[in-house]
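Comments concern the structure below.
The values are calculated or read from the model by the stated rules, or taken from the named source; none is laboratory data. All values reported here derive from a predicted model rather than from experimental measurement. Here the Cβ positions follow ideal geometry from the backbone for every residue, glycine too, while neighbour counts run over all protein chains shown.
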Amino acid sequence: MKLFSSTEFNSFEDLFVNQLEDLYDAEQRLTQALPKMAEAASSSQLQQAFQQHLAETEGHVSRLETIFRQLGTDPKRETCQAMKGLISEGEEMVDAKGDSSIKDAALIAAAQRVEHYEISGYGTARSFARRLGLNEAANLLQQTLQEEKAADEKLNQIAEGSINLQASATSGATVGAGATTTAGSRY
């Protein structure tokens, strides 16, 4: 965080680069968090999903570095406060005690928050790249956006296909007229 200074945007490209720097920092942070989430998961399917997404995330970092090179600039990280917060919440789930299936549902909930943030960030950056006529960058950002959406969908399938069922059966918790308090989202 910059003390007593502010970000300056003198062009739309400045804003685009700032968004890339934010995503670059977010992805770097995620490469450190995903192994912890995989280790904390009790479901082998969920562990595998986190490990697969780690490999994809490393590819996302590489794509961002390619875009920075295309722009003639060195990759730089702009602290992503949102990802710091999301990862902090995820760490609470990693460290949580209790029933393993409920913890897995909590891990999915935390991971999907991250995915939704990344989907938003990559969608915006891709749109900016298109507006700037940076077609190669837009294509790379679109590839990552598709992978982020697929990761979210995979987490949703794991949640709805098994984890939520196990978690709700274990706890028997319901809220209101039949709604359960488990992970998995559709937007």
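Tabulated results
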item: Any hit, the stretch 35-43, residues being farther than 21 Å from residue 142 by Cβ, without any contact (Cβ under 8 Å) to a residue 24 or more places away in the chain, surrounded by 14 or more Cβ atoms within 10 Å (Cβ to Cβ) and over 13 Å from the mean Cα position of the chain (by Cα); result: yes
item: Residue 48 vs. criteria farther than 27 Å from residue 129 by Cβ, polar (S, T, N, Q) and either surrounded by fewer than 15 Cβ atoms within 10 Å (Cβ to Cβ) or in contact (Cβ under 8 Å) with a residue 40 or more places away in the chain (or both); result: yes
item: Total residues in the stretch 116-167, condition polar (S, T, N, Q) and at pLDDT below 95; result: 3
item: Filter result for the condition that a residue is more than 27 Å from residue 135 (Cβ to Cβ), of a type in the set (Val, Ile, Thr) and either in contact (Cβ under 8 Å) with a residue 24 or more places away in the chain or touching a Ser or Thr at 6+ places or on another chain (Cβ under 6 Å) (or both), over 79, 57, 66, 73; result: 79
